[in-house]
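What follows is one structure encoded as structure tokens, with my remarks underneath.
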Amino acid sequence: MDLLTPTDPSVTILPDRDQWRKDIEAMPPWLRRPIGKVSEISTVQRIIKQRKIHTICEEGRCPNRGECYSQRTATFLLMGPTCTRSCAFCQVDKGHAPMPLDPEEPQKVAEAVNLLDLRYVVLTSVARDDLPDQGAGWFVATMNAIRQLNPETAIEVLTADFWGGRGEGNSTPAELQHQRVGRVVEAHPACYNHNLETVRRLQGRVRRGAQYERSLDVLRLVKSHNPTIPTKSGLMLGHGETQAEVLEALVDLRNAGCDRLTLGQYMRPSLQHLPVQKYWTPEEFDELGAIARDLGFAHVHSGPLVRSSYHASQQI
């Protein structure tokens, strides 16, 4: 029986703390890293908390947040900290209704970018299937606010798939997705990122509410709207995928016009999340990175601790 899935729904089984300790102890040494200087980390945290905005660094428990904060960088998480989907690998809050949008959030993010003196910023968001446009307009509003205060700052976006929700008339979900992606593309981000996350076989288990081809469609749509905007995607390895399946996904991404790639190791946030099936070694990441470059990706960042926006500005 699965530790976290009782046969009687009225019974709650608490996580096995001994098992959690075993999971931590089993983590290979290349995944352990120092937290960073408290004074440098607190600067970013103070700016974020004062404005009641969010970063994926905190909400997603990113292992690199100490390093990034010490360099005065962060990836902003738009539209609140609660996601309307329930991906089995993600630490972001889920399972209850999200809060209404904060009308001042775009301006608050712009002020934080200004105070941190960022020249490259990444905007991502929770999935907001409850919003009429899935949040596409919120990305645009935030980009516009940032540019008013920081005209020299380049902006990368990492969006959800914009699938579903409500639209005018009898538009199909695919037509709505086309419109929403197009709206963000028209704001001309420096890079448009949408993560595939895992291989085709494991999509249903890992990415509840998302689909493999639907994610590839996002990347195709970006290029159909504006072929000059670089596109980017990423995979988190360790869910039980084979190297052959990873290579298949890389080929599919290239066929969808994806220019940039990140490959990183999945690290289990808690016992409520999927267990790690394999820790890929740094050497295996290097091999996959070399293969990806041979496939034609213009920029590849492959390593155990790599995340979607890690060192994103270096890919300009």
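Conditions (1) closer than 17 Å to residue 213 by Cα; (2) out of contact with any strand residue (DSSP E or B) (no Cβ under 7 Å at 6 or more places or on another chain); (3) in a strand (DSSP E or B), marked per residue:
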{"position": "123", "(1), (2), (3)": "no, no, yes"}
{"position": "127", "(1), (2), (3)": "no, no, no"}
{"position": "152", "(1), (2), (3)": "no, yes, no"}
{"position": "171", "(1), (2), (3)": "no, yes, no"}
{"position": "181", "(1), (2), (3)": "yes, yes, no"}
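Among the residues of segment 250-267, just one is in contact with a strand residue (DSSP E or B) (Cβ under 6 Å, 6 or more places away or on another chain) and in a helix (DSSP H, G or I), namely 253. Quick check on residue 197: is it touching a residue at least 60 places away in the same chain (Cβ under 8 Å), among the acidic types (Asp, Glu) and crowded, with 24+ Cβ neighbours inside 10 Å? No: the conditions fail for residue 197. Look at segment 167-193: where a residue is closer than 27 Å to residue 300 by Cα and hydroxyl-bearing (Ser, Thr, Tyr), no partner that is outside any loop (DSSP other than H, G, I, E, B) and at pLDDT below 95 sits 6+ places away or on another chain with Cβ atoms under 6 Å.
From the list 215, 302, the lone residue that is touching a residue at least 12 places away in the same chain (Cβ under 8 Å) and closer than 20 Å to residue 162 by Cβ is 215.
The residues of segment 263-316 that are under 18 Å from residue 247 (Cβ atoms), buried (at least 19 other Cβ atoms within 10 Å of the Cβ) and touching a Lys or Arg at 6+ places or on another chain (Cβ under 7 Å), listed by number, are 264, 297, 300.
Applying the criterion of being without any contact (Cβ under 8 Å) to a residue 12 or more places away in the chain and out of contact with any strand residue (DSSP E or B) (no Cβ under 7 Å at 6 or more places or on another chain) to the residues of segment 287-299, the residue that is farthest from residue 27 (Cα to Cα) is 294. Contact annotation: residue pairs with Cβ atoms under 6 Å, 6 or more positions apart or on different chains, pairing a residue in segment 273-286 that is at pLDDT 95 or above with a partner that is of a type in the set (Phe, Trp, Tyr), are 282/30. Scanning segment 215-238 for residues that are surrounded by fewer than 19 Cβ atoms within 10 Å (Cβ to Cβ) and of a type in the set (Lys, Arg) yields 220, 223.
Sort out which residues of segment 183-229 are more than 17 Å from residue 126 (Cβ to Cβ), among the small types (Gly, Ala, Ser) and outside any loop (DSSP other than H, G, I, E, B), and write them in order of number. 204, 224, listed by residue number.
If you go through segment 120-142 and keep only what is within 20 Å of the chain's Cα centre (by Cα) and surrounded by fewer than 22 Cβ atoms within 10 Å (Cβ to Cβ), you end up with 120, 129, 130, 131, 133, 137, 138, 140, 141. When segment 97-119 is examined, which residues are found to be in contact with a Phe, Trp or Tyr (Cβ under 9 Å, 6 or more places away or on another chain) and outside any helix (DSSP H, G or I)? 101, the sole residue that qualifies.
A Cβ distance below 7 Å, combined with a sequence gap of six or more or placement on separate chains, defines the contacts here; from segment 260-272, residues that are under 16 Å from residue 310 (Cα atoms) reach residues that are loosely packed, with under 15 Cβ neighbours inside 10 Å and not basic (Lys, Arg) in the pairs 260/298; 265/31; 267/31.
The values are calculated or read from the model by the stated rules, or taken from the named source; none is laboratory data. On a predicted model such as this, the values are computed, not experimentally measured, just so you know. Reconstructed Cβ throughout: ideal geometry from the backbone, glycine too, with neighbour counts over all protein chains shown.
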